[in-house]
Amino acid sequence: MTAPAPSESAAAPSAASPVVQAVGLEKTFLLGTNAVPALRGVDLSVASGEWVAIMGPSGCGKTTLLGLLGLLDRPTAGTVLIDGVDAAQLSENQQADLRRDRLGFVFQFYSLVPMLTALENVAVPMQLAGRSTREAQERAQALLEQVGIGQRAGHLPSELSGGQQQRVAIARALANDPALVLLDEPTGDLDQASTRQTLDLLSELNGERGATLVMVTHDVKVARAASRVVHMLDGKILHEEARGEDGSFASAPGAGEGELPTVNR
């Protein structure tokens with residue numbers, strides 16, 4: 001997919017820059033008078049065309065990290081760079097433009113607008129980016145065809161199965177040709193068949209179309225569909241595994257030794 005030119009508010013990315021980079025990320029939440037650290041100095045770099053899965057037990061900080069990478073929250077300390085642009089140097093409006101133009105989001109429970117059809121849900125981000133209704137709807141139909149649900153374009157979310165709703169959500173995430181798609185438990189609410197179909201779709205988008213994906217999951221089988229698996233515990237990255245040419249996983253260069261046990265939520 002060809003990414004759109006960045007808005008006037010963001011500098012042009014360097015060809016050598018990762019799509020997204022976290023440097024020394026820390027995030028602390030206040031619960032009453034108690035400071036609760038969620039992230040403790042996380043460093044992560046994702047190159048164009050990678051599919052990275054982030055795993056760990058509940059409360060390890062993986063969803064917090066995904067939110068920071070998606071500019072949905074601000075870190076307590078550290079830096080997030082999108083296409084080489086330091087998000088901390090941008091105003092709220094500039095960050096919103098960057099999210100709209102360069103990032104796509106897929107959520108566990110789809111987050112579709114219930115009173116809009118599948119076609120209209122996919123068209124919304126493009127209309128917000130300034131495309132005409134006709135242009136947005138034509139591309140929305142093409143995207144729904146791409147994810148295998150074009151025949152359901154005129155249906156409301158309540159008329160679609162969970163797997164079909166997630167396909168609509170993936171099409172919506174691709175609407176503005178994002179540099180990066182962030183997925184929060186994209187199969188967490190799906191049955192086995194729909195999970196397989198969703199992973200096949202993501203694999204096609206990544207392998208054949210070069211989409212860059214960062215996915216949070218608690219399911220080791222889902223994580224192993226990615227090209228790199230990052231294991232988190234207590235707000236830190238402890239271990240990474242990378243897929244080899246033979247399809248097996250081994251410790252990534254510079255990662256900790258030994259495979260960590262996987263703990264389901």
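The values are calculated or read from the model by the stated rules, or taken from the named source; none is laboratory data. Note that the structure is a prediction, hence the values are computed from the model and not measured. Cβ placement follows ideal geometry from the backbone for every residue including glycine, while neighbour counts extend to all protein chains displayed.
Restricting attention to segment 24-50, and to residues there that are in contact with a Gly (Cβ under 6 Å, 6 or more places away or on another chain) and under 25 Å from Asp101 (Cα atoms), which single residue is modelled with the highest pLDDT?
By that ranking, first place goes to Leu25.
What's the number of the only condition in (1) closer than 15 Å to Arg172 by Cα; (2) surrounded by 22 or more Cβ atoms within 10 Å (Cβ to Cβ) that Phe107 fails to meet? Just one mismatch for Phe107, condition (2).
Here Gln151 meets each of (1) surrounded by fewer than 15 Cβ atoms within 10 Å (Cβ to Cβ); (2) of a type in the set (S, T, N, Q); (3) in contact (Cβ under 8 Å) with a residue 40 or more places away in the chain with one exception, condition (3).
Looking at Val222, Val214, just one residue is among the β-branched types (Val, Ile, Thr), modelled with pLDDT of 90 or more and in a helix (DSSP H, G or I), and that residue is Val222. Against the criterion of being polar (S, T, N, Q) and in contact with a helix residue (DSSP H, G or I) (Cβ under 6 Å, 6 or more places away or on another chain), Thr198 qualifies. Of the set (1) without any contact (Cβ under 8 Å) to a residue 24 or more places away in the chain; (2) under 13 Å from the mean Cα position of the chain (by Cα), all apply to Asp200 but (2). Does Val168 meet the test of being hydrophobic (A, V, I, L, M, F, W, C) and either surrounded by fewer than 19 Cβ atoms within 10 Å (Cβ to Cβ) or out of contact with any Gly (no Cβ under 9 Å at 6 or more places or on another chain) (or both)? Yes, satisfied.
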